[in-house]
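The values are calculated or read from the model by the stated rules, or taken from the named source; none is laboratory data. Nothing here was measured: the structure is a model prediction, and the numbers come from that model. Please note: Cβ atoms are built from the backbone with ideal geometry, for glycine as well, and neighbour counts cover all protein chains shown. These area figures cover heavy atoms from the full protein model, side chains too; ligands, DNA and RNA do not enter into them. Shrake-Rupley method; radii C 1.70, N 1.55, O 1.52, S 1.80 Å.
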Number of protein chains: 2
Amino acid sequence: MARIDLGRATQLSPATITAITSDMLEEGLIVGIDADEPRAPLARGRPRSLLAIDGSAANVISVRISVNRIDLAMADFAGQIFHSRKVYYDATLADRGTFPATLTDAVRDFVAAAGVDPESVLEIGVASQGIVDTNKGEVVWSPAFAGRDIPVVGPLQEAFSARVTLSNDTNMITEALHWSDPERYSGTFAVIMVDYGVGMGLFLDDHLFVGASGAAAEIGHANHIPGGARCRCGRSGCLEAYLADYALLRMTQALPDVTDPASMPVTANTFEELHERAEAGDAQVIGALLQAGTALGYGVARLLAVIDPARIVLTGAGIRAYPFMEQAMHTALEDALVEDLRRSLTIDVVPWNEDFIRRGLIAQAMRRLDETLVIATRRVRTGRSSLAP
Amino acid sequence: MARIDLGRATQLSPATITAITSDMLEEGLIVGIDADEPRAPLARGRPRSLLAIDGSAANVISVRISVNRIDLAMADFAGQIFHSRKVYYDATLADRGTFPATLTDAVRDFVAAAGVDPESVLEIGVASQGIVDTNKGEVVWSPAFAGRDIPVVGPLQEAFSARVTLSNDTNMITEALHWSDPERYSGTFAVIMVDYGVGMGLFLDDHLFVGASGAAAEIGHANHIPGGARCRCGRSGCLEAYLADYALLRMTQALPDVTDPASMPVTANTFEELHERAEAGDAQVIGALLQAGTALGYGVARLLAVIDPARIVLTGAGIRAYPFMEQAMHTALEDALVEDLRRSLTIDVVPWNEDFIRRGLIAQAMRRLDETLVIATRRVRTGRSSLAP
DNA sequence: CAACTTTTTTTCGGGCGCCAAAAAAAATAG
DNA sequence: CTATTTTTTTTGGCGCCCGAAAAAAAGTTG
């Protein structure tokens, strides 16, 4: 990228850009590129001299924890992922005693296999399914663990010099959408992910919103029908109990809605199988999807009434069958909410992509890294050592 | 207030405070006070020289529109309300054709009666019951009007040189709470006002949240029971249809829940009368309040699941009977939401005070005024005229 | 009452971030 | 080779803020 374009992008004057980039060059955060840019024919003037982020300046790691599996990825300072792997563990044995060691070992092996200096890893972003407490750095409850209150940030922080951050996985999808298309995904929007459970991410007034305790946006456990269907969380009538994989199976088999979610035979392919059956015309599945669509419509209506987002994004494996839910969802939305409150809404259906969470984690880690580096840069220039008061 | 305290409050150095206050003294925004502060005995050192905001520097007006009534108040630059009046109009005749003139005339008369130069009024803050569109400056729908889409900001803006802002009335309560006790009411909290309808204000991450279209926080019309009780908005099962005055009357009289809300004989004293009957032991009223408490509990539970506020404030005339609703509300909350999501919650019950809205409007107007004055001050110092590009 | 202490306020010089204008650099066009 | 175009750098300056020192205005002490 040329300095003149940086100026346009940041709204700073060329003079300022020169000052800032020359500092960054000195510190090795960016490098000049010798290779000439392909210039348009008939282009006159001094050629642009391109700058690039020096990938080797630092590394960040993303860690995604799902049931039985830890997905690891390492990105350089340019955001390029150059190493990744999946590690398997037994979720039924993972609790606050055993999992921290499992996790730190997995990350340590991963760093060694990547062949980078452990000190070069400055940020580790962790996302987990379930309810997380960002402030405490613990996973309060998750299907990925047998126990509760699993510490994640603490153990990693001790084992590595990096800063560690724990996030809700749907929040990371929200972040990834924002970075992938800032034009479209800015301001105030909500992401609803229908998958193993039902998660939500909120982007409000141009910022990711995480709530007071960092456990925000658990729309899956917002009540849909008082005293309704049994949910995995032990309560009755949660939205999730009408939308998640186990809920769809239960409705397909016309089982009573007090049937224990844990007894339903869900697999990683449940949504895909149900979708195929629906396409084949299976009336039971289609009926279940209609019920799910209705529940989703009520959930969206309540969200609109409380938050008034300009856009709601639907994603997750469970949204594959959206065509079978769409009509019921819109009907429910119209039944549930006065027109004034829904006239400005846009609904996006984004095909599910596992990579979203990883990209969100890395985007967030990079931003945090940038913030610390700005401060570090200031110290260097001022001549203040980091040990000074 | 002494300069040294300003420094402590703003985290600026004494040197900076002197620089800024001397500019403000020059512009007449603040004045020095000659009268000595009562000093503590044994106090040594140079006595503080107190500064005060010069109230005469500017004026702001707050306008609250409710059914049949417009409440006007004028405050000076120090935030002191020195003139107020109520003006009555006929809500059944007020529509987009007639109301703008009614409003501008009322404000014009009010300014004349206050005896201030109309040019000295720099901000007008308007709050209305119902659904408002802050961006357009129109009241989309309100019980205070016969018609829909009533323009408010446009007509006032044309009639006066002031900046005009339209807000949701519950948002102004939220703002007022924040200013009255910033320690307690900061970060992320929600205000639910049960009154003629059910309104909500959200304060998220230290900012008042107004949603994408400025119509946020209409929790009253968030669905409680799909296909449930008839609401004023024309839909069924809204939270309001279980909590508002007409809903309580309907439940007290054991009328079918499809009974038209408009047919219920509500008055300004309905809540007070119901509360008295409950205290006298009227089983029908107590039963209705239990139902309302349950509905409120579900509403609070859904809000917690979506937003995760650290605190929820309950207020409004309808909350007078809270003691009769409390038990049912907590039971509903426990039934509706998994414990992890409600363990960090505090519920405040704040006795209703009509003055909240006025204070919120004035606080908001003052802040806006401060922002414009900072820019104006900069212009003065720089010597740039406001006509310069 | 002069010298010292305490507390608040002001002055002075300087750093940082940003900018406009001018200058320099590096290319093309004729 | 000169003019033109475009990008980058240099220069000087402004605004905001700060730390240190000085000044101001009181009380305390012998």
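Remark on residue B:148: its backbone amide H falls under 5 Å from those of B:96, a criterion applied only to residues 5 or more positions apart or on other chains, H modelled at 1.01 Å from N. Among the residues of B:219-227, the average count of other protein chain beta-carbon atoms within 10 Å of the residue beta-carbon is 6. Residues in the stretch A:347-356 carry Karplus couplings, in order, of 10, 9, 10, 10, x, 5, 9, 3, 5, 3 Hz; the curve used is 6.51 cos²θ - 1.76 cosθ + 1.60 with θ = phi - 60°, and Gly or Pro positions show x. Copy-to-copy label distances for residue A:1, where each label lies 7 Å from Cα along Cα-to-Cβ, are 4.0 nm in order of increasing length.
Here is how the number arises for the protein assembly as shown: DSSP H runs of 4 or more residues each give -39500 (n - 2.57), the sum is divided by the residue count, and the result at 222 nm is -12000 deg cm²/dmol. Counting, for every residue in B:292-301, the Cβ atoms of other protein chains within 10 Å of its Cβ and taking the mean gives 2. Paramagnetic label reach from residue A:269 (point 7 Å along Cα→Cβ; backbone nitrogen cut-off under 19 Å): within the stretch A:312-327, residues A:317-321. What chain B shows is 44 Å² of accessible area per residue, with the surface traced by a 1.4 Å probe over protein heavy atoms. Which log10 I(q)/I(0) values does chain A give at q = 0.10, 0.14 Å⁻¹ under the Debye formula, counting every alpha carbon as one identical point scatterer? Calculated log10 I(q)/I(0) at the listed q: -0.74, -1.22. For chain B, the longest principal axis of the Cα atoms and the long axis of helix B:283-307 meet at an angle of about 50 degrees. With the label put 7 angstrom out from Cα along the Cα-to-Cβ vector, residue B:48 ends up 5.6 nm from the copy partners, going from closest to farthest.
Within the stretch B:245-340, what whole-number % of the accessible surface is contributed by carbon and sulfur, with the 1.4 Å probe and all protein chains included in the calculation? Carbon and sulfur: 52 percent of the exposed surface of the stretch B:245-340. Centre-to-centre, using Cα atoms only, the stretch B:52-130 and the stretch A:100-161 are separated by 57 Å.
Hey, if you drop one equal point scatterer on each alpha-carbon of the protein assembly as shown and run the Debye formula without solvent, what base-10 log of I(q)/I(0) do you get at q = 0.05, 0.07, 0.10 Å⁻¹? Reported log10 I(q)/I(0), two decimals: -0.32, -0.62, -1.18. Where the alpha-carbon atoms of the stretch A:181-349 are placed on the principal axes, they occupy 43, 34, 30 Å, in descending order. In this assembly, the A-B interface accounts for approximately 3600 Å² of buried accessible surface in total, computed with a 1.4 Å probe and without ligands, DNA or RNA.
The phi torsions of the stretch A:18-27, fed into the Karplus equation with coefficients 6.51, -1.76 and 1.60 and a -60° offset, translate into couplings of 4, 4, 5, 5, 5, 4, 5, 5, 4, 7 Hz, rounded to whole numbers, with Gly and Pro shown as x. Per-residue mean of foreign Cβ neighbours for A:233-245 is 2 (Cβ atoms of other chains, 10 Å radius). Placing A:24, B:251, B:325 in order of accessible area, with the largest value first and a 1.4 Å probe, yields A:24, B:251, B:325.
Each peptide among A:229-235, B:145-151 gets the average number of other Cβ atoms lying within 10 Å of its residues, and from highest to lowest they stand as A:229-235, B:145-151. For residue A:224, the residues whose modelled amide H falls within less than 5 Å of its own, excluding neighbours fewer than 5 places apart on the same chain, are A:238, A:239.
Here the protein assembly as shown is assigned +1 on the Cβ of each Lys and Arg and -1 on the Cβ of each Asp and Glu. Its dipole about the Cα centre then comes out at about 1380 debye. Largest GNM mean-square fluctuation among A:70, A:319, A:30, using chain A with Cα springs under 10 Å: A:30.
Explain nothing, just the number: relative contact order of chain B, from Cα pairs under 8 Å at least 6 residues apart, as a whole percent.
Numbers: 714 pairs, mean separation 51.7, N = 389.
Computed value for chain B: 13 percent relative contact order.
Backbone geometry of the stretch A:310-327 corresponds, through the Karplus equation with coefficients 6.51, -1.76 and 1.60 at θ = phi - 60°, to 3J(HN,Hα) couplings of 6, 8, 10, 9, 9, 8, x, 4, x, 8, 3, 8, 3, x, 7, 9, 4, 4 Hz, x marking Gly and Pro. Ordering B:237-249, B:109-121, B:329-341 by mean Cβ neighbour count within 10 Å, with the highest value first, yields B:237-249, B:329-341, B:109-121.
Taking all C-alpha pairs of the stretch B:251-327, those more than 18 Å from each other amount to 48 percent. Modelled label positions at residue A:84 and residue A:19, each set 7 Å beyond Cα in the direction of Cβ, lie 4.1 nm from each other.
With contacts taken as Cα pairs under 8 Å at a separation of at least 6 residues, the stretch A:282-334 carries a relative contact order of 65 percent.
Counting only protein heavy atoms, probe 1.4 Å: which residues of the stretch B:132-168 lose 20 Å² or more of accessible surface in the full assembly compared with their chain by itself? With the partner chains in place, the stretch B:132-168 has these residues losing at least 20 Å²: B:140, B:148. Summarised as an ellipsoid, the stretch A:74-189 has semi-axes of 24, 21, 12 Å, derived from the eigenvalues of the Cα gyration tensor scaled by 5 and square-rooted, with the largest first.
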